[in-house]
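I have placed the structure first, in the form of structure tokens, so that the comments after it can refer back to it.
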Amino acid sequence: MADHRSSEVALLKYYRLQDPFPESWSDPVEDLQIKQRKQFRASTTRYSILQEEGISASLKGLTGESYAGLVPEDEPDPLGGTNSVVRSLRERGLAVDDNTRLRNRYLISSKTFSPTAFLRDVHATTPSAELQRGLNLLSTSIAQKSGSLKLLVESNFDRFVAAKGTIEGVYMEMKANSFLDKEKESEYGVGKIRSYLNEAETKADDVFGPVMKGRGREEELRTLLSAVERHRDILEMPGLLADCIKRKDYESLIDEYQKARTALMDARALVPTEPGSLSTNFKEEHIHQLIIAEKMWIEVKFAIEEFKRDTWKKLVECKTEDNTHMELIGILLELGVDDNPIWVWLLSRYEYLKNRITTVFERSRVEIEILRRKVLAAPPPSFKAIAHHLRAPTRRIHPDSQKSLDTSRTIAHWELILSSLTTLLDPNTGMVSELLNFWKTAQSFIDGDNLLPVGIDDQSRKHHRLEDANVRMLYDGTVEIVALIRDCMVAFFQDPPVDDVSAMYSPNPSTPASAGGNGDSFPSPQLPNVLKAKVPQQKEGEEGYAFFPPGANSVSGVHFMGKIMVLVGNAAVAMAEVAGKLGKEGVADRLKIMVSAGRERAVVAVCSSWLKDAQNCRVLEDWTRAVDNRDVTKMPGLFSVFEREIIGGMQGMVYLDSVKNSNSGVIPPPSAKLLTHVRGQFVRSLYKSLQGMVENAKTPVESEERNDEMDGLASPVTSVAPANLMAHSVDSQDKNVRMLLTLSNLQLLRLDIVPELISQFEQSFSVKLTEESKTIRDALTQIDRQLFNEYTDPITASVSSLVSSGISSPAWSPARGKIATEVRPYIYDALLCLVHVHSQVTTTAPSLTFPILSFLLEAMSKELLEAFKTRKKFTLGELLQATLDVEFVNQTLSQFNTPRASEFQQQIYVELDRGSDAEARQGLQKELGEMKTILSQLRRYSRAEL
């Protein structure tokens, strides 16, 4: 755009125009710039304006004020955005008024116009759509101006032709009239030119003289050139062949090779080699054709041999995924080779698979062991972290929930184990997949199902069928690879962690890069330091598993070990199918043993962490109420989800239902020993979890030495006063509150959750836990009774003490001759104690209100009976006082009455009757009406107080 505008400005100046579309010829600038115009025209030729170089030369030297006079001080935006470019720049803070050089950078009429600066500063905020419209406007304007300029030149063309004709006519007339003598020709410059021409002619004779003398060789050269031209297609064949190789156009390569070979054969047929066999049609040009063909064939043969070497190399390194091996084999067969490319490729793939499997497995073992040591050396997780991980099953819907199953180091270890085994065992992407593809391809070659080229003159047909010895070697080699994978997996599950990792760190330098992908070296520059590190000691009572991260919980264990066992099962099924097609006996049985042994080790490892997590389940208690049931905390629900997750994951590991064709003979049913182990671990996990709940009730986790770790785990209000408790939080500092909530939780577990878990286990493992169910129920009952008694015993003792001391007090008996009109204070004290209990229970665990209050009523009634038994006789006043006390208690706590409490109350009346004489009994009958009135008044007065 800048060059175009510069050319337009120079053009206007040259023709002294102000408008590119003038209506008349004029020169308004002449009066103002005569001196500049003369200098400008003197330094240019007549037609220099039509060349870009001429324009540049014309404007060269026009700088500063001289050139500024040619550029207007302002102009509209060529893109149609504004009618003043200078104003736009001034608004943006650029000093274009004082700096002419800077201003000219933004004016399209200027030679120093800068498109980059123009778009950057003038159109910094212009939208793309506006810029596109401005571009269209500018293109239209340029087209219009170009058309006008063309018209202007065309209209003056006749003048130029007429002027030239006049000049030439004058010159010819001068020459015809002998005006141009020798001296005048020199004056006009012709003489010197003539001398130069004469000198050039002399030198030309010296140079081309020998050439002209060798005219005899011309015919020979012409003949050779004609032969080359006639057989140009033969000479071009090596180049075409090389181009096909470069473009990897193997189909065209074969065609060009066939053409080259045919051309050679045709040329040889024209020139017989036997003496006296020349035909009458033999010509000298046939020898030329043969020479050209033989030279061509040498180049073609060299290129083909080089190409074959590269193709052999590619074939040896080729895999089966993209079917490239078939293309390479076809090319070699088409070109013709001595060795069988099919067998060479199969043999190379066999060696590759063996080396690759060993390399991948050994490298994975080293990496897994190094990371296992790091996990073992890491500090144990806090109780806050343990609780977070055990709650992970409740967050399973979250996409990143897998990351919260365990500590980050443990998850990294699990992911490394899973990815390593996937690389080895996955039937779709792993080494097992490559084995399956290898055997599928080998079987197709054995059966002759592939359409392969026969080559030139059928010379490659012999390679289409493999020899019997080679077929037997393929069978044995495939079984050997299956056995190698099986041995790797047996070692993975059975071998304990190694003490010396450096013994495993022994990469084979002779192993080709193709056997290990990209060389398959052991990465990690700090590996030697890790190898020298001392192995952390295993914790007491903890078995070390090379395939199981130390300290991993059962949640991550069932998740990842379930995936790993499915990998093992799918790989075993796939390899067993291959072995079955080979007719090899014993392979399926060995694979079955591999699956069974690996499964048993995996299940035992997960069960071990299951029992440990059951002991840690107490950290799930955060002393906040469940959203759907305010009588209990969140603990029972979290425990239920945790146990369901483990049971479901364990069922998948034991039966491997997710394995394809799991009903095949390679996946054996679980042994009775394994099922018994899982069964016992389930019962033990329930019992350990229940014990942890009772321990929480007595001594919560946050009150132990690990209090600092539990700051974020417990309820955020456990350390504040009860008055500030949130809606779903409780005062966990109060032991009675903890015990009540634990009792309520145990009640929910006993009635709902534990029976559901037992039912799920029975359905998952097709067993009946008859004895185990009874044991669990008995344990729940004992734990419930133990905790219930621990809560009620202090209350019962307090009430018993109040009743015993109140009845045995001398102040209990009314004065002689007085009739009882008030309940004794010990009754109020005992009832107030029960009222306090009632308030605490109803606000903490309302479902326990009746069981606890009815139990306390029974205890109080029994204590009243025992206290009255200590009195041998009752006067009428004492009989009335005892009846009033007992009836007041019965009526006040009537809603919590039980058959046992009623029995105690009946025994109290029997005891009162036994200690009374006939006079007292008769007096009691007379006072019953009055006593009812007194009781009614006392109940009404005391209702608000109680």
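Annotation: E305 carries an accessible surface of approximately 70 Å², with a 1.4 Å probe and no ligand, DNA or RNA atoms counted.
Here's the picture: charge each Lys and Arg Cβ at +1 and each Asp and Glu Cβ at -1 in region 561-662, and of M561, T633, L611 the one pushed furthest to the positive end of that dipole is M561. Largest first, the three principal axis extents of the alpha carbons in region 320-377 are 62, 20, 10 Å in whole numbers.
Exceedance of the 24 Å cut-off in Cα-Cα distance is limited, within the set K403/K688; K248/K308; K319/K563; K319/K581; K563/K660, to K403/K688; K319/K563. Label reach from K354 (point 7 Å along Cα→C-beta): in region 583-619, no amide nitrogen lies under 16 Å.
Per residue, region 784-875 exposes an accessible area of 47 Å² to a 1.4 Å probe, with every protein chain left in place.
Legend: calculated FRET efficiency, Y909 to S839, from the Cβ-Cβ distance at R0 = 25 Å, rounded to 0.05, equals 0.25. For R777, the shell of other residues with beta-carbons less than 12 Å away shows a net charge of -2, using +1 for Lys and Arg and -1 for Asp and Glu. Extension gain for H677 to N83 (0.36 nm times residue separation, less C-alpha to C-alpha distance): 204.7 nm. Subtracting the Cα-Cα distance of Q763 and D310 from 0.36 nm times their residue separation leaves 156.8 nm of extension gain.
From largest to smallest, the equivalent ellipsoid semi-axes obtained for region 806-946 from the alpha-carbon gyration tensor read 27, 16, 13 Å. Taking each of K862/K932; K612/K735; K354/K440; K673/K774 in turn, the alpha-carbon distance tops 19 angstrom for K862/K932; K612/K735; K673/K774. The stretch between K926 and L131 holds 274.6 nm of extra length on full extension. This uses 0.36 nm per residue minus the Cα-Cα distance.
Modelled spin-label separation between E790 and L751, with each label point placed 7 Å from Cα along the Cα-to-Cβ direction: 2.2 nm.
What FRET efficiency comes out for the pair A412/T699, r = Cβ-Cβ distance, R0 = 22 Å, nearest 0.05?
Rounded to the nearest 0.05, the efficiency is 0.05.
With a Förster radius of 41 Å applied to the C-beta separation of T116 and S252, the computed FRET efficiency comes to 0.30. Placing pseudo-labels 7 Å out from each Cα toward the beta carbon at S109 and R472 gives an inter-label distance of 10.0 nm. Okay, which of region 317-356 sit inside 20 Å, backbone N to the point 7 Å along the Cα-Cβ direction of K581? Residues 319-327, 342-354 qualify, since their backbone N sits under 20 Å from the label point.
The values are calculated or read from the model by the stated rules, or taken from the named source; none is laboratory data. On a predicted model such as this, the values are computed, not experimentally measured, just so you know. As a convention, Cβ positions derive from the backbone with ideal geometry for all residues, glycine included, and neighbour counts pool all protein chains shown. SASA here: full protein model, heavy atoms, side chains in, ligands and nucleic acids out. Shrake-Rupley method; radii C 1.70, N 1.55, O 1.52, S 1.80 Å.
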